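Undergrad: I'd like to ask some things about the structure below.
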Amino acid sequence: MKIKTVIVNPMMGRRCSVLLLGMFAVVAAAAPPADLVLLNANIETMDPSRPRAEALAVSGDRITALGSNSEISALVGPDTRVLDAGGKLVVPGFIEGHGHFMALGESQGTLDLRGARDWDAIVVQVREATAGAAQGEWIIGRGWHQEKWSSVPRDNVDGVPLNISLNAAAPNNPVLLEHASGHGFMANAAALALAGIDDMRADPPGGTIARDAAGVATGWLVDRAADLVLEAQSRAASTRDPAAQRAIYREWALGAGREALEKGITSFHDAGVPFATIDLYRELADAGELLVRMYAMVGYESNASLAANLARYRMVGYANNFLTVRSIKRMVDGALGSHSAWLLEPYDDEPQNYGLVVDSLAMIEETARLALANGYQLNTHAIGDRANREVLDLYAQLWVGQANPHGLRWRIEHAQHLHPDDVPRFAQLGVIASMHGVSATSDGSWMAKRLGEKRAGESTFLWRSLWDTGAVVTNGTDVPVEDIDPLASFYGSVTRRMTNGDTFYPEESLTRAEALASYTSNNAWAAFEEDLKGRLAPGMLADFVVLSHDILRVPDAELLQTRVLHTVLGGRIVYSRDAN
Ligand SMILES: [Zn+2]
């Protein structure tokens, strides 16, 4: 395994040089010189036994010592790399608690629609992309959200545009534009035709083909209905030579890894990948090309496939702690933006609609039994209050008779909208609330439209309430739904300040220390990795970041100016802002 030699070799070289240099350096230090020392730092260790330090030493991929500048300077040998932090804050490497790694890489090469002012601006982006594309080539974009536009599209159903202007902009190219929530796609007529979707096509289970008053498909495909177009797109991709396709996937993974490191992410919880992607991750890890440590949840596989494959895919700490597979992702509902989150009471702005069930409860129950039988964690996406209640009920029912239910550490992904009665159940049962601080600030402005002011305030993004009941709350961005930037999510977690300047129920904010824990030690715990990551202490992996501002103490406004100066992963400086 190439990655292993890359990391171990410097350490072996050090031992040789110590021998060649004789005893002098060894006697002076009373311990072998370190491979890397970090000096002149303001280290927040997240380790209760030593919360602060000025300096730390690394050998191989592990932290060996923390202390004062003078104590750690004694470990500098002739080949030791010294990183002077210039008094800046150093924290454990951020762990992205819920993201989509390959989709991040893919999104780097497609149209970014997140900043569009309105639908017309998106149509312009598509027209320009089409002008440079071959006839029949797919035009892909992502990140639009109708609630974030300055005006409602002229042709629309409930604020969601019809594809009429898209058809005119791209008459000969299939166009597929993913909603920011990841729970719907806008397709033009060419893409619908390739997917066999006409006005007569019935909705698939777990999905909606939106139609106008005359019954004409509008191009808006919610949840499982989008699979029809995605399958058409992958049929087109499957005609590509397999080596060329693999090269594309490798580029996505490398691009995602580079962006993660730039933003201080050293570990990534990938919220649902099929076994084929895990095969790719394993190859990349073997080649030293998986740039961040990956905690991959198995997703997009039938229960039959899980039953056949879970045992042989289970791996913990593979390739020197670069790949772990011991969890499964399921999805009980959709999202609020696409009116597909499953609610106890109907939507305020669609009074007949209670949302969608995406994976049936019977299917998830069978998955849960497979998880228990194979020693896997189960992480179920639930956004609406009904979805969350059903998943809590399901976990509780299955855990009866388990020797240590709290030891299972099963998670609910998003846990976004909770009936107040269900809040204390997370801590009581031992269910992890896997949340995203940035969502509250990014989506807060339109919550009341979907749920009404009262429900939005009492039951969405309940960080403080969950934390105070003793639940483990984790943090992330759901990238590419939001930018992978952990500092933006940290800012959202502690201020709940939205881009329009208003705050979204600030009483549900976390403290700075809690928000940092949610992004480091809690995310490590949620992946059974608390003895490796999330704290800076001897024996832990040397994964840490140097930040331009002290995010635990500066005024709120300076949080958003904070930049990652260095990212260190496994004792190697893998990103420096100056070098870029
Ligand atoms: Zn997700």
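Undergrad: Restricting attention to the range 291-309, and to residues there that are in contact (Cβ under 8 Å) with a residue 40 or more places away in the chain and away from the ligand (no atom under 16 Å from the Cβ), which single residue is surrounded by the most Cβ atoms within 10 Å (Cβ to Cβ)?
TA: R293
Undergrad: For the range 304-338, which positions are assigned to a strand (DSSP E or B), touching a Phe, Trp or Tyr at 6+ places or on another chain (Cβ under 7 Å) and either among the aromatic types (F, W, Y) or within 30 Å of F185 (Cα to Cα) (or both)?
TA: V325, S327, I328
Undergrad: Which ones in the range 366-419 are of a type in the set (K, R) and either away from the ligand (no atom under 16 Å from the Cβ) or at pLDDT below 95 (or both)?
TA: Matches in the range 366-419: R369, R386, R389, R409.
Undergrad: Please verify whether E106 is closer than 30 Å to A296 by Cα, crowded, with 18+ Cβ neighbours inside 10 Å and at pLDDT below 95, treating the condition exactly as stated.
TA: It is true that E106 is closer than 30 Å to A296 by Cα, crowded, with 18+ Cβ neighbours inside 10 Å and at pLDDT below 95.
Undergrad: Go through the range 47-100 and give me each residue that's hydrophobic (A, V, I, L, M, F, W, C) and either surrounded by fewer than 16 Cβ atoms within 10 Å (Cβ to Cβ) or within 16 Å of the ligand (Cβ to nearest atom) (or both).
TA: Correct list: V82, I95.
Undergrad: What are the pairs with Cβ atoms under 6 angstrom where one residue, in the range 260-277, is within 19 Å of G182 (Cβ to Cβ) and the other, located anywhere, is among the basic types (K, R) and within 15 Å of the ligand (Cβ to nearest atom)? Sequence gap at least six, or different chains.
TA: Correct list of pairs: A271/K329; G272/K329.
Undergrad: Taking T266 and the conditions (1) surrounded by fewer than 22 Cβ atoms within 10 Å (Cβ to Cβ); (2) within 30 Å of G317 (Cα to Cα); (3) more than 16 Å from the ligand (Cβ to nearest atom), which numbered condition does it fall short on, given that it satisfies the others?
TA: Exception for T266: condition (1).
Undergrad: To continue, here is another question. Which pairs turn up if I take residues in the range 381-395 that are more than 12 Å from A341 (Cβ to Cβ) and look for partners that are among the acidic types (D, E) and away from the ligand (no atom under 16 Å from the Cβ) with beta carbon separation below 8 Å, at least 6 apart in sequence or on another chain?
TA: Qualifying pairs under 8 Å: R389/D422; L392/D422; L394/E365.
Undergrad: For the range 517-530, does any single residue satisfy the condition of being more than 21 Å from the chain's Cα centre (by Cα), under 23 Å from V473 (Cβ atoms) and not charged (D, E, K, R)?
TA: There is no residue in the range 517-530 that is more than 21 Å from the chain's Cα centre (by Cα), under 23 Å from V473 (Cβ atoms) and not charged (D, E, K, R).
Undergrad: Checking D279 against (1) loosely packed, with under 14 Cβ neighbours inside 10 Å; (2) modelled with pLDDT of 95 or more; (3) more than 27 Å from the chain's Cα centre (by Cα), which test does it fail?
TA: Unmet for D279, out of (1) loosely packed, with under 14 Cβ neighbours inside 10 Å; (2) modelled with pLDDT of 95 or more; (3) more than 27 Å from the chain's Cα centre (by Cα): (3).
Undergrad: Yes or no: L552 surrounded by 14 or more Cβ atoms within 10 Å (Cβ to Cβ), closer than 15 Å to G87 by Cα and either out of contact with any Gly (no Cβ under 7 Å at 6 or more places or on another chain) or assigned by TED's automatic domain parsing to the domain that holds A41 (or both)?
TA: Yes, satisfied.
Undergrad: Continuing with this model, one more query. Collect the residues in the range 171-189 that are closer than 16 Å to V126 by Cα and either crowded, with 21+ Cβ neighbours inside 10 Å or not assigned by TED's automatic domain parsing to the domain that holds R114 (or both), keeping them in residue-number order.
TA: If the condition is that a residue be closer than 16 Å to V126 by Cα and either crowded, with 21+ Cβ neighbours inside 10 Å or not assigned by TED's automatic domain parsing to the domain that holds R114 (or both), then P174, V175, L176, L177, E178, H179, F185, M186, A187, N188 are the ones that fit.
Undergrad: Looking at (1) more than 16 Å from the ligand (Cβ to nearest atom); (2) in contact with a helix residue (DSSP H, G or I) (Cβ under 8 Å, 6 or more places away or on another chain); (3) of a type in the set (G, A, S), which is the only condition A276 fails?
TA: (2)
Undergrad: Before we move on, is S442 assigned to a helix (DSSP H, G or I), within 16 Å of the ligand (Cβ to nearest atom), touching a helix residue (DSSP H, G or I) at 6+ places or on another chain (Cβ under 9 Å) and without any contact (Cβ under 8 Å) to a residue 60 or more places away in the chain?
TA: yes
Undergrad: Filter the range 310-361 down to residues that are among the β-branched types (V, I, T) and under 17 Å from G206 (Cβ atoms) and give me whichever is surrounded by the most Cβ atoms within 10 Å (Cβ to Cβ).
TA: The extreme case among them is V332.
Undergrad: Only residues that are in a loop (DSSP other than H, G, I, E, B) and either aliphatic (A, V, I, L, M) or under 15 Å from the mean Cα position of the chain (by Cα) (or both): list them for the range 469-483, please.
TA: A471, V472, N475, G476, T477, D478, V479, P480, V481, E482, D483
Undergrad: Just name the residue that is surrounded by the fewest Cβ atoms within 10 Å (Cβ to Cβ) out of those in the range 469-489 that are among the hydrophobic types (A, V, I, L, M, F, W, C) and more than 9 Å from the ligand (Cβ to nearest atom).
TA: A488
Undergrad: Next question. Go through E106, E147 for me and flag whichever is within 30 Å of the chain's Cα centre (by Cα), among the charged types (D, E, K, R) and within 16 Å of the ligand (Cβ to nearest atom).
TA: E106
Undergrad: Condition first: surrounded by 24 or more Cβ atoms within 10 Å (Cβ to Cβ) and within 16 Å of the ligand (Cβ to nearest atom). Can you find one or more residues in the range 497-517 that meet it?
TA: Taking every residue of the range 497-517 in turn, none turns out to be surrounded by 24 or more Cβ atoms within 10 Å (Cβ to Cβ) and within 16 Å of the ligand (Cβ to nearest atom).
Undergrad: I would also like to ask the following. Could you please let me know if D223 is modelled with pLDDT under 95, surrounded by 20 or more Cβ atoms within 10 Å (Cβ to Cβ) and within 21 Å of R411 (Cβ to Cβ)?
TA: Yes: the conditions hold for D223.
Undergrad: Right, here's the next one. Among the residues of the range 211-220, which ones are surrounded by fewer than 21 Cβ atoms within 10 Å (Cβ to Cβ) and of a type outside the set (K, R)?
TA: Selection gives D212, A213, A214, G215, V216, T218.
Undergrad: Which residue pairs have Cβ atoms under 9 Å apart, sit 6 or more places apart or on different chains, and have a first residue in the range 455-468 that is outside any helix (DSSP H, G or I) and a second that is among the β-branched types (V, I, T)?
TA: L462/V423
Undergrad: Let me ask something else. Within the range 329-340, is even one residue more than 16 Å from the ligand (Cβ to nearest atom) and outside the structural domain of A210 (by TED's automatic domain parsing)?
TA: Checking the range 329-340: at least one residue is more than 16 Å from the ligand (Cβ to nearest atom) and outside the structural domain of A210 (by TED's automatic domain parsing).
The values are calculated or read from the model by the stated rules, or taken from the named source; none is laboratory data. These numbers were taken from a predicted model, which means no experiment stands behind them. Virtual Cβ from ideal backbone geometry, glycine too; neighbours counted across all protein chains shown.
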